1. Starting from the Cα of A:Lys157, draw a straight line to each of the aspartates and glutamates and keep only those under 12 Å, dropping any in the same chain fewer than 8 residues away.
2. Accessible area drop of at least 10 Å² (1.4 Å probe, protein heavy atoms): which residues of region B:55-72 qualify, relative to the chain alone?
3. Might you tell me the accessible area per residue for the protein assembly as shown, computed with a 1.4 Å probe and given in Å²?
4. May I ask for the net charge around C:Met113, where only other residues with Cβ less than 15 Å from the Cβ of C:Met113 are counted and Lys, Arg are +1 while Asp, Glu are -1?
5. Quick one: net charge of C:Leu250's neighbours, Cβ under 14 Å, K/R +1, D/E -1?
6. Hey, with R₀ at 51 Å, roughly what FRET efficiency would A:Lys70 and C:Lys85 work out to, going by the Cβ-Cβ distance, to 0.05?
7. Using modelled amide H (1.01 Å from N, peptide plane; none on Pro or chain starts), what sits under 5 Å from the amide H of A:Leu5, excluding residues fewer than 5 places away?
8. Show the residues, 5+ positions off or on another chain, whose built amide H is closer than 5 Å to the amide H of A:Arg22.
Amino acid sequence: MGKLLICDNVTKRFGGLVAVNRVSVEVSRGELLGLIGPNGSGKTTLVNLISGVLAPDEGRVLFEGRDITKLKPHERVALGISRIFQGMRVYPYLPVYYNVELSARSVFKDAKLARSKTIWALTTTKLLAETLELPANLTPYKIKMVELARALVTNPKLVLLDEPFAGLSPEEVSEVIEIVRKLNGNGLTFIIVEHKLRYLMKIVGRVVVLNEGRKIFDGAPSEAVNNEEVSRVYFGVV
Amino acid sequence: MSKLVFAKPSKIKKVRKLLPSLAVVAIYLALPIMGLSGFWIDVLTRVNIFLLITLSLDLYSGTTLYLNLGVPFTVGASAYAIALLNRYLGIPVEYAILPSAAISAVLSFAIFIPSLRVRGAYFSILSLLLPIILAGLVTSQPFSLYLGGEGGISYPPLFFSYARTLPARERLFFLSASYFYISAAVAIVAYVICYKVAYSDFGFMMRSIGQDELLAEASGIDTFRVKLVGFTASSFLSAVAGALYAAMRPPVTADVFIPANTLVPSLTAVILGGMGTVVGPAIANHLTLITYEVLWGVLGRWRIILYMCLLIVLVLLRPQGFVFYLYLRLKRAVSTKISRLFEGA
Amino acid sequence: MEEFKYILIFGLLHSLTYLVFSLGFSLIFGVARLPNLSYGALYVFAGYATYIFLTQLGLDFSLAVIASTLLTATTSFAVGEFTIKPAMKFPVSVFITTMAVAYIFEEFFRIQMGLRPVTLPLYSGTTTVMGVPVSNHWLLVGLVSLLMVLALLLFLFKTSIGRAVRAVAESWEESMRLGINPLKVLRVTFLLSGVYAALTGILLTPLKALTPGSGWTPLFTAFAVVVMGGIGNVLGTVIASLIYGFTEQLVTYMLGGGIARVVPLVLIVLVLVFRPHGLFGRGE
Ligand SMILES: Nc1ncnc2c1ncn2[C@@H]1O[C@H](COP(=O)(O)OP(=O)(O)O)[C@@H](O)[C@H]1O
Ligand SMILES: [Mg+2]
């Protein structure tokens, strides 16, 4: 079977700045891939290119063998690519329930199916007690869970998490990791963006390292630590 | 999770809750037969028609927060469509109302498509620009020749051919009362539909666009389609308002394009009543417009300045109370939805 | 040939006035990322203020110009402070508040001055340029506009405050990192755009009669120009003004003034359809 996702030489420029420079990444089904790199190295931009929030200046994005470079974000969600944004991003004046259900409703035309999907996603992220709360009344961890629930509710094949651990306590981080692991065990593919290697080392099977828009490493986490260029970029950060 | 939260309100309870509002509506509808003066019946008719504009504004702008300042364009286009269909094709206004509204909605849709595609300020500015340009066009050469210029276009109003057969004494009352009941019926139907739509999943998708459009798009919502459908539906409401008003009150002049006439009262009502809540703006519509009418005698044109100042103050204060109300309403909507789900399971 | 020269000269003169007016508008639009819909009303405000100073207070012309420019700048500042700044967190609010301000002015002048058009002293006489007679006032307008454009460019590129304005227009966050206070910069743009609206109002009123509602057309022109040129792009604004000015003159000449009213609308729609981020804007 072919790869789930292929980024083929994608490039994105902002004026003179090349935020992502001819990056190629292949992701197999069921993988748990880490995407790391220093601040400003282009991780979020790459996520935006995969989720369709930005269009690449050059290169192609293939999903399940299909060229999706020209598709809009919502069309990619329907195909099975979900993402969460860096930071906390929810609809501030909608209760948790609607924050999650609207995505389900736009992917599944059957209202009843959408509702039961929503309940499933809220159960998986342990949010059932908070369905009626507004995001303003939630802890950062719970907000992350809302975002995760929204990403899961559309039946994704690939989930992109942009710095999901930022702002969470170590216990909360391990809770998130546990949920991710469980879903990954059921065959769901993840790309996790992190600034620091530390958290990812133990959970991902492979890391891709970006620096100044270029891919400088692609391989096992243990090798990444020993790689000269990666160490240079991460001097004192690892 | 508590059972209490998910408890479904019983049918009887629901009806009992609605009773006071139904009573108010019944009294309102009885006003003309209880001897309200012709002048005030006409005022209330106007206010009923304005409710359509207010609802239209609330349905789209109140939820997506894309401010549609082009409402006077849509209202004016259907008003002129009524007049032109009558003048050039000889179609009586009775039959021209729906076609005119449709023409105007399609026209608005066509002009606004490009600006719905892009995020940000473009839509509002384009919408502000349209009616003012049209007002200028209508009165300038060569368009004024066909569009009636300053004097506008006149034609026999709604039901006039029938009213003429009545004795002179009854004629005026017949026209006033029939206009009132038609406008009230349309307004009530529009209110119920808007309420349903605004609190449906589609309504919430429009709200999600207002709260974070990029997030909505990236999490699966086809924001362009939602905006397009929402905008067209909302335009149709404004267009019906324009057509009804024109059918009842010839002649049609460029005044319909002036925002102070056709936008400001509704905008004030929407802000005062709480954007996107439907209930609030509908109540505020009647309060602000009746006051607006009363103020005409006291303040004359200064009333516009007064309303503008009020608008600024309201927007800057944005009373939390309304948001809170919306939140309560949402809570109820969610709990019924979930309880229904558990029932089915 | 005659017509061609006529269109060339008047197209250029109109373009210059549009440029000046649009630059004032784009100062706030660039920095606040939100349009000030009362900008056209400030143009009208300056015209009426000068008129009142001249006819009712009997001030000397130059004194009246200075006084009304200062008054307009102050008003622009107040409008910005009280209706733009506090509303910026919620973009819809800015539309409502600045539109409301525009209508407050319009209604106020309608009540106080009536609908009868008002005019200001005209610099009389004509000069023949390339065989076309052009009124001296138009030439004055062209000259002053040119000077104002140059002054603004010098300000934006050569002074530290001007550089701060450009930095904030480029990126709010980046400029804060550089130690610039965007809110202070915003104040500067409120004042400056008031001055630009005022001077255009005073210069153009003798050529185009002033009524309470005459501020809308210039506002839309400015908006069309800024959208075409790309928000915050000075060179783009210059080129867009030229395109706009010549298109308008050409349409007026060929199809008449009535149809020329639609020019801003058509241009904005075309830009939105084909180049949503302006002719020279880089895509988001
Ligand atoms: N919308 C944008 N416009 C201009 N520059 C951008 C934009 N988004 C990101 N950049 C720039 O691109 C570079 C990469 O950014 P990003 O992908 O967010 O990095 P990371 O997520 O790895 O920290 C940074 O230098 C950033 O300033
Ligand atoms: Mg990032």
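1. A:Glu31, A:Glu64
2. By number: B:Leu65, B:Leu67, B:Leu69.
3. 42 Å²
4. So the surrounding residues net to +1.
5. For residues surrounding C:Leu250, the net value is -1.
6. Efficiency for this residue pair is about 0.80.
7. A:Val27, A:Glu64
8. Here A:Thr11, A:Lys12 satisfy the definition.
The values are calculated or read from the model by the stated rules, or taken from the named source; none is laboratory data. For clarity, every value in this text was computed on a predicted model and none was experimentally measured. Cβ sites come from the backbone with ideal geometry, for glycine too, and all protein chains shown count toward neighbours. The protein model used for the area step is the full one, side chains on, heavy atoms only, and it has no ligands, DNA or RNA in it. Shrake-Rupley method; radii C 1.70, N 1.55, O 1.52, S 1.80 Å.
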